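Visitor: This is the structure, below, for whatever I ask next.
No value in this document is a laboratory result; all are computed from the given coordinates. This one's a predicted model, so the numbers in the text were calculated from it and none came from an experiment. All Cβ positions, glycine included, derive from the backbone under ideal geometry; neighbour counts span all protein chains shown.
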Amino acid sequence: MDGDARGFRVALTADGYVNPAPGGFDGLAVLDAEGWGVMQLPAADYPAATRARILTDLAEQVLEFARHGYSIVLVGEDAAADEALAAAGLPAPPRACPQNADELRAFLAAAPAPDGIGPDAAAAASGPGR
Amino acid sequence: MTMGVAFVAHCLLNQNAKTDGGARCPGVYSPAVAVLRDAGWRIEQMPCPELAFTGLNRFWAVREQYDTPAHRRHCQRLAQNVADMIEVHVARGEDIVLIGIEGSPSMGVCITSSDPSRGGRPTWPDGAPELTSGEGIFIEELRRELERRGLGFPRVAGCTHPLASHDPLAELAGLTRVLHEGGLPAQSGPPDAER
């Protein structure tokens, strides 16, 4: 992947960390700084049927990342997301509900490294590289 | 205070979804995200139509290669989900903008890519004149779905980082301009290309 800066790390992220309440913990900023891509889970206030369809599609995309050895974690709680991932045949990813930036950083630091993506890709995945 | 809701192309939050060679940063394309958040916009991430259809090992492609009935059906299904979300926010009276990716065969909002002859062994030269005015396939299907529902089409802005002519300051200025235009979504047709 010459010239490609991807981090090979994907965080399924509950909406509250992407769109925090005023004064709330900004998870997106930490994920950005730590070099993780974000797949935003739909907010809980969308209709359940809409959420279910979105999560089914999202799980298919997660499956593609998993198939290629990307590191995948779940930030937040979402039972419907768990069901969609299981239905797609994905194992439950490492998960946490961090309350602050330090907790999220520690969780991300402990996450499994990307796997099976080749030595060049693994080197690129070792840091943000920006 | 939330100014409105910005529906953003998937790769603005997740550069891992890019075609090989296209990721500009490890994860979040923060210049665009910062503009949205600094201006008080809620972010909603749209799906990447190409990732689920042709996967991470896909080749760089132009519109014609994705313009098949099967891919259209795929985009229509995804667009219905996005339209469902947009409908919720429109019902709340919230302002909506759509942030796409210029030059993308799927997510272009003013500039897409076109080359009717492209196919076969992928040995095309860099700089092939593939950019053309228009929307990507997914954006077209989203427009149709929103119009079918009588919702109109949101204001749009496009991130230009995939383009050789990318000008970071111009990209951010374009985003900022669209965010501050205000008003309700009311486009009746595809926007004119900016270049």
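Visitor: Which percent of Cα pairs goes in each bin when the distances of region A:19-110 are cut into 10 angstrom slices starting at zero?
Guide: Using 10 Å bins, I get a P(r) of 15, 47, 34, 4 for region A:19-110.
Visitor: Based on the Kirkwood radius over alpha-carbon pairs, what value in µm²/s does the Stokes-Einstein equation return for the translational diffusion coefficient of chain B at 25 °C and 0.890 mPa s?
Guide: 146 µm²/s
Visitor: Same structure again: Please compute the modelled spin-label separation between B:D38 and B:L151, points set 7 Å along Cα→Cβ, answer in nm with one decimal.
Guide: Placing both labels 7 Å beyond Cα along the Cβ direction yields 2.9 nm.
Visitor: In percent, what relative contact order does region A:19-110 have, based on Cα pairs under 8 Å that are 6 or more apart in sequence?
Guide: Rounded, it is 30 percent for region A:19-110.
Visitor: Follow-up question, since we're still on this one. Sequence-distant or interchain residues sharing an amide H contact under 5 Å with A:Q40, placed H: which?
Guide: Amide H to amide H, under 5 Å and 5 or more residues apart or across chains, A:Q40 pairs with A:T13.
Visitor: Going by amide H atoms built from the backbone, whose H comes under 5 Å of the H on B:C159, apart from near neighbours?
Guide: When sequence neighbours closer than 5 places are left aside, the close amide H contacts are B:G100, B:I101, B:E102.
Visitor: For chain A, give the magnitude of the charge dipole about the Cα centre (Cβ charges: +1 Lys/Arg, -1 Asp/Glu; no others), in debye to the nearest 20.
Guide: 80 debye
Visitor: Work out, in µm²/s and without decimals, the Stokes-Einstein translational diffusion coefficient of the protein assembly as shown at 25 °C, 0.890 mPa s, Rh from Kirkwood over C-alpha pairs.
Guide: Taking Rh from Cα pairs, D becomes 124 µm²/s.
Visitor: With a cut-off of 8 Å between alpha carbons and a minimum separation of six or more residues, what is the relative contact order of chain B in percent?
Guide: Result for chain B is 23 percent.
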